[in-house]
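This report refers to the structure that appears directly beneath it.
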Amino acid sequence: MKHVRRLITTTFACSLFFLVQGCEQKDSNKVSLHDDDEKAHIALVCENPSAIAYLENPSEAVQLSAVMHGAYALKYIKAPSEQVQLAAVSENPYIIGMITEPSEKVQLLAVTYNADAMRYIKHPTALTKLASQKEYRLLAAYTLH
């Protein structure tokens, strides 16, 4: 039922999106707007972050808006920039599991927010491992006192 609701919401949002002036729909169910319609893209992904899946080549500003309103929108973005990855991880540290090769900066942010996110990092750096252990030690020390 949850998936049906999400599909209906996405379809409704995209239908509203097609009412925007200058909007064109291509055969592949991707939406293409003229470059000056970035505000419409941002408004769309603010309402429904997963609608980014229907946008063809979204700008970095649109990608940032999508992940800031729903970190799981990251799964619809091909090759997200480090800034987009950082924004998604700051919303939900566990999203790091969806990033194929996160930079050390992204890894450190994830374990800083929640050391448990370490288990979702496929190839952690030495500094990331140390930061996650330190985070656990601080948490243990705080809990004991």
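The values are calculated or read from the model by the stated rules, or taken from the named source; none is laboratory data. None of the values given here were measured: they were computed from a predicted structure. Backbone-built Cβ (ideal geometry, glycine too); neighbour counts: all protein chains shown.
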Query raised in the report: For residue 70, are the conditions met, namely being touching a residue at least 24 places away in the same chain (Cβ under 8 Å) and small (Gly, Ala, Ser)?
Result: no
Requested in this report: List the number of the failed condition for residue 105; all other conditions in (1) at pLDDT 95 or above; (2) surrounded by fewer than 18 Cβ atoms within 10 Å (Cβ to Cβ) hold.
Outcome: (1)
Query raised in the report: among the β-branched types (Val, Ile, Thr), over 11 Å from the mean Cα position of the chain (by Cα) and under 26 Å from residue 118 (Cβ atoms) - does that describe any residue in region 94-105?
Result: yes
Query raised in the report: Of the numbered conditions (1) outside the structural domain of residue 40 (by TED's automatic domain parsing); (2) within 30 Å of residue 39 (Cβ to Cβ), residue 117 satisfies every one except a single condition; which is it?
Result: (2)
Query raised in the report: Are there any helices (runs of 4 or more DSSP H) wholly within region 26-99 with 3 or more residues that are modelled with pLDDT of 95 or more, and if so which?
Result: 60-69, 82-91
